Amino acid sequence: MIGPYKHSKHRAANAVAARATGLDVVTVMPTAPIGPRDAKPTPTGRMVVEAARGRMPSFVETGLNVVHADDVAEGHLRAHQQGRRGETYILGGENLRLSAILAAIAALVGRRAPRVNLPHWSVLPAAAVAEGLAHCRLLREPLITFDGLRMARHMMYFSSDKAGRELGYAPPRPASDALADAVA
């Protein structure tokens, strides 16, 4: 578990599991939902926005499991209706490298995809500056963080096979549709 957000989600899941005796609890874990109506946006949605605007000239390679946000919503409904008490289901889609995601976004908006794949260590100074500016409230939310770089060291690939078998969950849309809907 890297960072406070991931720790809090892990602790919450453990707390629910510990107290779930006799309760009808089913847990769903979406991977990286992308799609329309991400108004805030989420960190993943923000990556789409920044890439679409051409503000990501380089990247640190990693892997994400991209799923259409509407498919995640459908998965929640299926888990509510068909999920087994005490079970956890991963709601995901396609495992893709970040470079492929950025290339798809660039193609959607008619830009060149970023080609410079930076080593993790080389971005640490930028993360220090961004987090420092955010701490001083000179930057609202840093695009690069230490926790983000630590997570990027891992290919965040997942399988929704259990949700498929037990819930009939099968995301019909490819990641390219999720990205197109997010960009639109």
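The values are calculated or read from the model by the stated rules, or taken from the named source; none is laboratory data. Since we're looking at a predicted model, the values are computed, not measured. Backbone-built Cβ (ideal geometry, glycine too); neighbour counts: all protein chains shown.
Within the stretch 158-173, residues that are without any contact (Cβ under 8 Å) to a residue 40 or more places away in the chain sit with their Cβ atoms under 6 Å from residues that are of a type outside the set (A, V, I, L, M), at 6+ positions apart or across chains, in these pairs: ALA170/GLY164.
Here LEU149, LEU124, LEU139 are screened, and the one residue that is within 16 Å of SER58 (Cβ to Cβ), at pLDDT below 90, touching a helix residue (DSSP H, G or I) at 6+ places or on another chain (Cβ under 9 Å) and surrounded by 14 or more Cβ atoms within 10 Å (Cβ to Cβ) is LEU149. Scanning the stretch 111-158 for residues that are of a type in the set (Ser, Thr, Tyr) and more than 27 Å from VAL183 (Cα to Cα) gives a single hit, SER122. Give the residues of the stretch 153-184 that are more than 30 Å from HIS120 (Cβ to Cβ), small (Gly, Ala, Ser) and surrounded by 19 or more Cβ atoms within 10 Å (Cβ to Cβ), sorted by residue number. The answer is ALA163, and nothing else. Within the stretch 26-56, which residues are more than 19 Å from GLU141 (Cα to Cα), surrounded by fewer than 18 Cβ atoms within 10 Å (Cβ to Cβ) and of a type outside the set (A, V, I, L, M)? THR27, PRO36, ARG37, listed by residue number.
Scanning the stretch 82-110 for residues that are surrounded by fewer than 16 Cβ atoms within 10 Å (Cβ to Cβ) and in contact with a helix residue (DSSP H, G or I) (Cβ under 8 Å, 6 or more places away or on another chain) yields a total of 5. Between residues in the stretch 73-96 that are on the phi > 0 side of the Ramachandran plot and at pLDDT below 95 and residues that are among the basic types (Lys, Arg) and in a helix (DSSP H, G or I), which pairs lie under 8 Å by C-beta distance while being six or more apart or on different chains? As it stands, the answer is none, since no pair meets every condition given.
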